[in-house]
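The values are calculated or read from the model by the stated rules, or taken from the named source; none is laboratory data. All values reported here derive from a predicted model rather than from experimental measurement. Note: ideal-geometry Cβ built from the backbone for every residue, glycine included; neighbour counts use all protein chains shown. Accessible surface areas use protein heavy atoms only, side chains included; no ligands, DNA or RNA. Shrake-Rupley method; radii C 1.70, N 1.55, O 1.52, S 1.80 Å.
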Amino acid sequence: MTTTQKIRRLVLGNWKMHGSLAANGQLLAAIRSGWNQSSHAAACDVGVCVPFPYLAQAESALTDSDIAWGAQDLSVHDQGAYTGEVSGAMLAEFGCRYVLVGHSERRAMHGETSQLVAEKAKAALGAGLTPVVCVGETLAEREAGRTLAVIGEQLAPVLALGKEAVAALVLAYEPVWAIGTGKTASPEQAQEVHAAMRAAVAQAGCPGVRLLYGGSVKAANAASLFAMPDIDGGLIGGASLVAEEFLRIAEAGATTRSA
Ligand code: PGA
């Protein structure tokens, strides 16, 4: 779709439950200085989603840089007796721009339904954050020929939030079978799903929503994925923990033109 050319790329790291103050300090300093020195920094948005306890560290390491930061989950509630939960307003106080919502690990291990995911996206928007809503099929669903149906079911309650909400969020397609497995979707497999997602957001009146791909993205395969017409960037797990690798993926985001 022609609008894709104008969509600004986004490369977002998802640290998952990795890190320590010492390791993060080195990683944050390396990506900050590497991206600062890159001649491509103006051409791609970059961010890292870190575990809650390290938000203050990310804020202090990345303030006044071209790298944004965010969290990996939030509560649907604003405040109250919800032990262990973290609200969007709390994340905003630590300067977060992004928050992941509905990552497949949360859907699978914490029972998050697509309806809850949509409510979390709404809560994030209410707190002034950009939710990155993750969707993706399991291997069994793909093999049963249900990929596009599953993505459609996961997207439906999010699209039902309405045009204003959809325009303000980011979507990430992450096939469950490709996460942390080293088996990335081929660019063509990813593009097929992204094209369906583009049609869905276009029908909701928001063709310019950024559609990220995630699942075993590495420096070696990033450019071929980002060359697909409806892939607007990446959600990067394991490779975001290695500064050089993450920076090379961000450079690919800045320099690869869609076919
Ligand atoms: P991966 O994870 O890059 O390690 O496959 C991606 C994700 O889960 O966001």
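Here are a few things to note about the model shown:
- For the chain, the 222 nm mean residue ellipticity estimated from helices alone, with every DSSP H stretch of n ≥ 4 adding -39500 (n - 2.57) and the total spread over all residues, rounds to -13000 deg cm²/dmol.
- Viscosity 1.306 mPa s, temperature 10 °C, Stokes-Einstein D of the chain from Kirkwood C-alpha radius, µm²/s: 88 µm²/s
- Cα-based shape type of the range 1-96, given that a ≥ b ≥ c are square roots of the gyration tensor eigenvalues and the cut on a/c is 1.5: oblate
- Taking only protein heavy atoms and a 1.4 Å probe, the accessible area of the range 9-255 is 54% carbon and sulfur.
- Treating r as the C-beta distance of residue 64 and residue 113 and R0 as 45 Å, the FRET efficiency rounds to 0.70.
- Largest mean-square fluctuation among 240, 216, 60, in a Gaussian network model of the chain whose springs join Cα atoms under 10 Å apart, belongs to 60.
- Added length on full extension, which subtracts the Cα-Cα distance from 0.36 nm per residue, residue 78 to residue 43: 9.1 nm
- Straight-distance candidates among the lysines for linking to residue 218, with alpha-carbon spacing under 30 Å and chain neighbours fewer than 8 residues away dropped: 6, 16, 120, 183.
- Take the Cα of residue 156, step 7 Å toward its Cβ, do the same at residue 30, and the gap between the two points is 4.5 nm.
- Area accessible to solvent at residue 82, 1.4 Å probe radius, in Å²: 90 Å²
- Approximate spin-label separation residue 139-residue 188, in nm, with each point projected 7 Å along Cα-to-Cβ: 2.2 nm
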